[in-house]
Each structure stands twice: as structure tokens, then as C-alpha cells.
Amino acid sequence: MSKPTLAVHKFSSCDGCQLALLNMGEALADLAQHVEIKHFVEAGLVNEDAKVDIALVEGSVVTAKDQQRIRRVRSNSRYLISMGACATSGGIQALKNLADNPADWIGQIYPQPEFIDSLDRSSAIKQYVEVDFELWGCPVSSLQVSEAVATLLNGAEPLDNQEKLCIECKRAGKICTLVTGGEPCLGPVTRAGCGALCPAFGRACYGCYGGAELSNQSGLRKRLEGLGLPPESIQKRMHLIHPDPQQQNER
Amino acid sequence: MEDKLPEFLFRNELQRLLDCLITKGFKVIGPKVEDGALVYSPLEQVAELPLGWSDQQAPGRYRLNQTDSVRYFHWANGPQALKPLLNPPRNILWQAKRQADGSLEFIVPDDSISPVAVIGVKSCDLSALALQDQHFLEGEYPDPAYQARRKSLFLVAVNCSTAASTCFCASTGDGPEASTGFDMVMTELEDGFILQAGSEKGREVMAMLPLTAVSESMLQQKQKQKETVFAAQSRQLRTIEKTDLAEKRAHPCWDDIAERCLACGNCTMVCPTCFCHHQTEEAQVNGVDSQHVREWDSCFGGSHGQLAGFQVRDSVKSRYQQWMIHKLDFWQEQYGRSGCTGCGRCMTWCPAEIDFVAEANLIARGEQE
């Protein structure tokens with residue numbers, strides 16, 4: 001039996017999720033033994049139109065060319081996983097989706113906007129094609145990626161873990177930054193998966209993994225207001241990595 | 001078990017107790033100040049104990065401050081006590097290896113347990129331990145890993161000399177003095193510690209220490225300390241009879257709680273009696289190795305209510321009801337008493353500052369604080 005094949009595609013993004021893959025270290029070497037990696041530009045493998053069993057897609061759709069390309073990626077892939085904030089919710093660049101007049105956004109920034117070929121909106125991958133599984137996070141953690149791929153290779157569907165960061169944080173034995181320091185931690189409304197990285201360093205979660213299931217955002221807003229945070233800074237904090245609330249929803 | 005008179009250990013001899021436990025092969029765990037909280041963590045020196053530290057707690061708020069007190073144990077509690085030691089947040093149950101012929105070889109993970117001695121355990125947490133024992137050891141299916149850890153555990157309790165605003169163990173009958181479930185119990189006074197054994201192992205350790213007789217004045221100080229802590233507990237959980245909460249699901253208070261509750265699960269994670277867990281399979285990329293893992297779960301999480309393909313608790317209100325009604329009401333049917341031992345952690349570590357006691361009193365008894 002030939003090895004399963006894998007491709008890593010990049011759309012509008014910072015490449016951080018691809019780096020999370022490269023940072024897998026030994027696990028990446030292990031992965032390379034069990035799958036044939038056809039396309040992974042950050043690792044020097046280029047074959048964009050290869051047909052593969054698993055496609056990992058990083059980045060958001062922001063150009064007309066992207067719109068065409070993501071459809072090609074979809075038709076070339078058996079199982080498509082969007083990974084990272086950009087691919088799952090449009091990413092930081094989806095800030096422009098909130099502009100009063102998105103068509104004019106580029107004109108406000110660039111002196112010669114005619115050279116910029118860009119859509120009015122930054123969109124998650126699922127806005128254009130069917131996505132089989134999503135990995136949230138900015139960037140995703142190496143462990144998430146290897147777990148999802150390993151589960152698929154073993155013939156099972158990956159588990160969509162939408163639990164709150166607080167649960168993961170307490171399992172890791174971390175001390176609550178909100179309770180001990182009044183920090184504006186977004187852990188109670190944020191999806192787990194990072195291993196409580198920020199709280200482990202005494203820093204409040206800023207929500208880069210997106211919304212958890214059954215999130216009480218208005219409850220947390222009121223609580224943070226009670227801690228003395230102005231409503232606009234709470235709003236900014238909640239929209240820092242996933243600015244477009246319409247793309248925060250579940251698939 | 002109080003068959004022997006208590007004896008006294010001078011403050012400057014406390015290191016002898018730690019040395020003695022280490023000599024006996026125990027890994028010693030005790031309270032330390034870490035990341036702004038009192039955390040039970042490995043230690044070998046008395047200097048690592050929280051000298052002069054005290055805690056201020058309120059719903060949603062925990063602060064430590066250092067005083068010029070000479071005491072090591074003049075505080076109420078931190079976010080965890082014994083639960084993570086006996087029922088670790090993450091535990092590998094078994095490992096599996098796929099063989100060349102496709103069959104699976106199952107491997108029992110190495111769970112060799114090193115004996116642990118915990119110093120500074122509070123009365124409420126001993127009561128909670130008794131409840132965890134009931135669940136993990138006395139049910140139909142005793143948990144072997146829990147059993148092994150439990151058997152090798154040596155407990156040095158300390159009687160509380162202060163109470164946080166969130167403490168209410170006096171009203172649940174679980175403190176503030178430890179009466180059972182320990183190998184040794186200490187009462188800290190200004191000059192040192194009144195010690196009393198609670199088990200044969202405890203007597204053996206005490207026999208190795210340079211102890212002196214306890215004076216009448218020391219016993220009076222001990223009594224006074226206990227009365228002070230009783231009086232300091234302003235918060236009281238009223239008696240809740242079976243069905244007192246279960247029959248009040250229509251009470252308007254639940255909706256009010258659900259607006260504030262973040263369903264983050266922190267209360268259940270820090271609760272010393274909560275034991276819910278889920279199990280997952282972690283397969284490796286190589287297609288050969290896999291492990292089956294048990295992790296703490298929470299009734300506030302989605303996986304807890306995901307049964308037979310659908311979510312049975314799809315609102316914050318229904319999850320809060322599950323937590324409170326199970327803890328205070330259904331536990332009585334299940335384990336013969338309420339699942340609350342009055343430690344107050346569910347309130348302190350609630351990021352939404354929900355006052356569990358006030359809400360329970362209001363719903364069950366209609367009593368406003």
C-alpha cells in the first residue's frame with residue numbers, strides 16, 4: 001500500500017502555522033516517514049496541484065486568485081483541514097471586514113491603490129469550500145496538528161475540542177491570572193488547545209484560539225468592566241485576533 | 001485515635017520533621033508561594049514554607065500578602081490541595097502497540113508510585129479526601145492507581161488558625177479543626193507546634209522527634225484559636241435536605257446566575273470533591289503506538305453532557321444546575337452526605353465572582369444574605 005499523501009497550502013497569512021509544523025521536530029521526521037509530503041513550500045517542497053489525501057490550509061482568502069486556488073485545492077484533496085486564525089475566521093486581516101466602507105479601505109492606506117488586487121473582505125476557508133476539520137489558534141500548536149493527522153492516519157475522525165481554556169489551564173495546574181491579579185483573561189470564553197501557554201507565564205489569555213462552545217461573552221464583558229476595564233478596550237481585546245464576529249461562528 | 005497525649009515541637013525543630021519524613025523515603029509536599037498563590041509543591045527545607053504569608057479571599061479574588069508573623073500556616077488555602085496528588089489531572093490508563101500481524105499488544109503503563117507525605121493539610125480537604133476515597137475505592141470498581149497512591153500517602157494535617165471570607169467549613173461540619181483522617185495533626189502556636197498522632201505511622205514519626213510536654217496554657221491557646229476561627233466564619237451554608245434544590249429548577253435565581261456564569265468549569269476544577277473525567281485515545285503518527293488517557297472533565301464542558309449523540313445540557317443554566325444540584329443535593333443520595341466540605345474554592349476561583357453559598361441558600365431556603 002502506498003503512503004497517504006499530504007499537502008500544506010498557504011493563503012493570506014504570516015506562515016506561523018507552517019512554522020508550527022516545522023517546529024514539530026522529531027514528530028515531523030516521524031510524519032515524513034508515514035506520509036508522503038507533496039507540497040509544503042516552507043519546507044522546500046513545491047507541487048501545488050498535486051492530488052492528496054490530506055490538505056492543511058493556512059491563511060485566508062483575500063484575492064480573486066485565492067478564490068480560484070482554494071477551489072482547486074478542495075478538488076485535489078480528500079480531506080481538507082483549515083488551520084490557524086486566518087483560515088478559520090479570516091484572521092487579523094479581517095479587521096477590514098468591519099470597515100464602514102470596505103471598498104475604500106485600500107484607498108485609505110495606499111497612495112496608489114490601483115496596484116493592489118484585493119477583495120473587500122478577508123474570508124475564512126469555509127466561506128468558499130467545504131472544510132472537513134478546523135484547527136483554531138494563532139498559530140496552531142504542533143501537537144494539535146500531529147494529533148489531527150495521526151487520528152486520520154489511524155482511520156478515525158479527529159475530535160473537535162471546543163472546551164474552554166480554563167479547563168485546560170486548571171488541568172495544567174496554572175494559577176488564574178484574573179483571580180490573583182485582576183488580569184483581563186479571556187480564558188473563560190476561549191477554545192482550548194494551546195496548553196494554556198500565556199497563563200503559564202502569568203499573562204492573561206487574549207483569545208487567539210477563538211470562541212469556545214457555549215461562551216458567555218456578555219458575562220465576561222460585564223466582569224471585566226467590573227475590574228475597571230473600559231468597554232472599548234474589552235471590545236478590542238475580544239476582537240484582537242478574530243475581528244470578524246460573523247466568522248467566529250461554528251461551521 | 002487520640003490515645004496518646006499531644007506533645008510539643010519547638011518552631012526551630014520543624015526541620016527535624018521534614019528530615020524525618022525524607023529519611024523514611026517520602027517525597028515531601030507542602031505549601032509554597034508560587035505565582036501569587038499557595039500551592040502544594042515538593043519541598044525539603046522549612047525555609048521554603050510560606051513564612052508570614054496570609055491570604056485574602058473573596059468571590060473572584062485571591063491575594064497573598066506577607067506579614068511579620070512567625071507562622072508558616074497562618075492562611076486558609078490555595079487553589080488545590082490533595083486532589084491532583086491522588087487523581088492526577090491527566091493519567092495514562094494503558095498503552096497499545098500494533099503488531100506486524102495487525103493485533104494489538106496492550107501495555108500497562110509504569111505507575112510505580114513514590115510514597116508522598118503532605119504537610120499542612122486542612123480539615124476541609126481531609127473531609128474531601130474521605131469523599132474521594134468513597135468514590136474511587138469503596139464503589140463497585142475500585143481504582144487501582146488511586147488505591148496505590150492513597151496507600152503510600154502520609155498526611156500531616158494542620159489546624160486552621162485563620163479563616164478566609166470564603167471559608168464555611170464550620171457550617172458543613174468539616175472543620176476548622178481536623179479530627180480524623182490524618183497520620184499526624186499540628187496546631188501552630190507562636191513558639192511551635194502541638195503535635196498529635198492519628199495513626200501508627202504517625203506515632204512512629206513522632207517518636208523520632210525532639211518533643212516536650214504540652215502545657216495547660218498551650219492547650220488553652222489551641223482552644224482559643226479554634227474558637228477564633230469559628231467566629232471568623234461569617235459565611236454559612238444552610239442545611240439543604242434531599243430534593244431541596246432538585247425541586248426548585250424553576251426558581252428565577254438560576255436565570256440570574258446563568259447571565260453571570262461563564263461555564264468555564266473553574267469551580268469544578270478546584271473543588272476538592274469533584275471527580276468527573278473523560279477518556280480519550282491519543283494515537284501516534286506512526287500508526288503503531290497509541291495511549292488511552294483519562295483527564296479531568298467538568299460538568300460545565302460540552303463533552304460532559306454529550307450523550308448518545310446529542311447534548312443533554314445545552315445552556316449555561318442547565319450546566320450550573322447540574323453542578324450545584326449534584327454537589328449539594330444528589331450527592332446525599334449517592335454518597336450519604338453533601339459533596340461540599342466548605343473550603344470556599346469554588347467562589348474564590350470563580351472568574352465571575354459567583355457566591356455559591358449565597359445562591360444555594362437563596363434557592364434552597366429562600367434566604368437572602
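Nothing in this text is a laboratory measurement; each read-out follows from the coordinates by a stated rule. Since this is a predicted model, take the numbers as computed values, not measurements. With ideal geometry, Cβ positions are generated from the backbone for all residues, glycine too; neighbour counts draw on all protein chains shown.
Miscellaneous remarks
- Only Lys, Arg, Asp and Glu carry charge here, each on its Cβ (+1 for the first two, -1 for the last two); on that basis segment B:240-300 has a dipole of about 140 debye about its Cα centre.
- Here segment A:92-111 is scanned for amide nitrogen atoms under 19 Å from the site 7 Å beyond the Cα of residue A:41 along Cα-to-Cβ, giving A:92-94.
- Cut-off of 10 Å, at most 13 other beta carbons, DSSP loop: longest stretch of chain A lacking such GluC sites (Glu not before Pro): A:1-129
- Sorting B:278, B:304 from the fewest to the most surrounding beta carbons within 10 angstrom yields B:278, B:304.
- With contributions of -39500 (n - 2.57) from each DSSP H run of at least four residues, the per-residue ellipticity at 222 nm computed over the protein assembly as shown stands at -8500 deg cm²/dmol.
- FRET efficiency, residue A:99 to residue A:48 (Cβ-Cβ, R0 25 Å, nearest 0.05): 0.20
- Charge dipole magnitude, Cβ of K and R +1, D and E -1 - chain B, Cα centre, debye nearest 20: 200 debye
- Average Cα contact separation per residue, segment A:5-153, under 8 Å, 6 or more apart, as relative contact order %: 28 percent
- Relative contact order [Cα under 8 Å, 6+ residues apart], segment B:1-96, whole percent: 19 percent
- Residues A:165, B:82, sorted so that the one with the fewest Cβ neighbours within 10 Å comes first: B:82, A:165
- Loop-located trypsin sites (Lys or Arg not before Pro) in segment A:12-65 (DSSP state not H, G, I, E or B) with no more than 16 neighbouring Cβ atoms inside 10 Å: A:51.
- Farthest toward the positive end of the dipole of the protein assembly as shown, out of B:47, A:197, B:286, is the Cα of A:197, where the dipole comes from beta carbon charges about the Cα centre.
- Qualifying GluC sites (Glu not before Pro) for segment B:1-41 [loop in DSSP, other Cβ within 10 Å: at most 14]: B:2
- Model label zone, residue B:332; criterion: amide N under 18 Å from point 7 Å along Cα-to-beta-carbon; scope segment B:230-269: B:236-251
- Signed unit charges on C-beta, dipole axis of segment A:5-153, positive-most listed residue A:24, A:131, A:113: A:131
- Those lysines that a straight Cα-Cα span of less than 23 Å connects to residue A:236, excepting residues fewer than 8 apart in one chain: A:96, A:164, A:222
- Alpha carbon centroid spacing (whole Å) that separates segment A:103-173 from segment B:328-365: 39 Å
- Estimated D of chain A in µm² per second, where Rh is the Kirkwood radius over Cα pairs and Stokes-Einstein applies at 4 °C, 1.567 mPa s: 68 µm²/s
- Test item: Cα-centred dipole of segment A:165-247, Lys/Arg +1 and Asp/Glu -1 on Cβ, debye: 180 debye
- Rounded Å value of the spacing that divides the Cα centres of segment B:129-199 and segment B:72-112: 22 Å
- Loop-resident sites, segment B:161-248, for trypsin sites (Lys or Arg not before Pro), counting at most 16 other Cβ within 10 Å (DSSP): B:238, B:242
- Stretchable slack from residue B:307 to residue B:365, in nm (0.36 nm times residue separation minus alpha-carbon distance): 17.6 nm
- Cubic angstrom per residue, convex hull over Cα atoms of segment A:165-247: 86 Å³
- By DSSP, the beta bridges lying fully in the protein assembly as shown are antiparallel in about 60 percent of cases.
- Segment A:5-153: equivalent-ellipsoid semi-axes (sqrt of 5 x gyration tensor eigenvalues, Cα, Å): 29, 15, 13
- Once the Cβ-Cβ distance of residue B:100 and residue B:292 is raised to the sixth power relative to R0 = 30 Å, the FRET efficiency obtained is 0.85.
- For the pair residue B:152 and residue A:229, label points projected 7 Å from Cα toward Cβ lie 4.3 nm apart.
- Take every Cα pair under 8 Å whose residues are at least 6 apart in sequence, average their separation, divide by the length of chain A, and the relative contact order is 18 percent.
- Taking only the Cα atoms of segment B:208-359, the radius of gyration and Dmax are 21.2, 70 Å.
- Lysines whose Cα lies under 17 Å from that of residue B:83, excluding same-chain neighbours fewer than 8 positions away: A:170, A:174, B:27, B:32, B:122, B:151, B:327
- Between the listed residues B:300, B:360, B:33, the Cα displaced farthest toward the positive end of the dipole of chain B, a dipole computed from Cβ unit charges relative to the Cα centre, is found at B:360.
- Shape summary: the protein assembly as shown maps onto an equivalent ellipsoid whose semi-axes, from the alpha-carbon gyration tensor, are 50, 29, 22 Å in decreasing order.
- Segment B:210-258 versus segment A:205-249: alpha-carbon centroid distance in Å: 37 Å
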